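Below you'll find the structure, written out as structure tokens, and then a few comments.
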Amino acid sequence: MADDKNLEEINRKLGVLLKLVAYQTVGKMTLSEGAPLLRRLGFISTEIAEIYESTANTVNVRLAEAKKKKKEKQQKGA
């Protein structure tokens with residue numbers, strides 16, 4: 001029982017630390033700029049939304065837009 005509570009507390013604190021580091025990493029980036037970076041770093045939409053005080057749906061839209069822009073850019077360069 002005590003071990004489970006300790007693990008839960010460690011997990012919670014680790015989550016907070018990861019969010020702080022992510023927030024510091026994206027700094028003053030907009031959601032459109034920061035979401036793709038955080039996704040590449042392993043964050044899921046709901047976590048990115050928490051960092052930006054947004055919704056997971058908005059994050060998913062921005063990620064789709066970034067993916068589309070990247071694809072268009074690659075096609076122009078090819």
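Read the figures in this text as sums done on the coordinates, not as results from a lab. As the structure is a prediction and not an experimental result, all values here were calculated from the model. Positions of Cβ are backbone-derived with ideal geometry, glycine not excepted, and every protein chain shown enters the neighbour counts.
Here are a few things to note about the model shown:
- Trypsin sites (Lys or Arg not before Pro) lying in DSSP loop within the stretch 12-78, provided at most 11 other Cβ fall within 10 Å: Lys28
- Test item: Cα-centred dipole of the stretch 38-78, Lys/Arg +1 and Asp/Glu -1 on Cβ, debye: 480
- In the chain, lysine pairs with alpha-carbon atoms under 19 angstrom apart (chain gap of 8 or more, or interchain): 4
- Reported label for calculated Rg/Rh (Cα atoms, Kirkwood Rh) given (i) 1.14; (ii) 0.90; (iii) 0.96: (i)
- Helix 31-40 axis, angle to the chain major axis (alpha carbon atoms, nearest 10°): 70
- Label point of Lys19 set 7 angstrom out along Cα-Cβ; within the stretch 30-55, amide nitrogens under 16 Å from it belong to 43-55.
- Dipole magnitude for the chain: computed about the Cα centre from +1 point charges on Lys and Arg Cβ and -1 point charges on Asp and Glu Cβ, it is near 720 debye.
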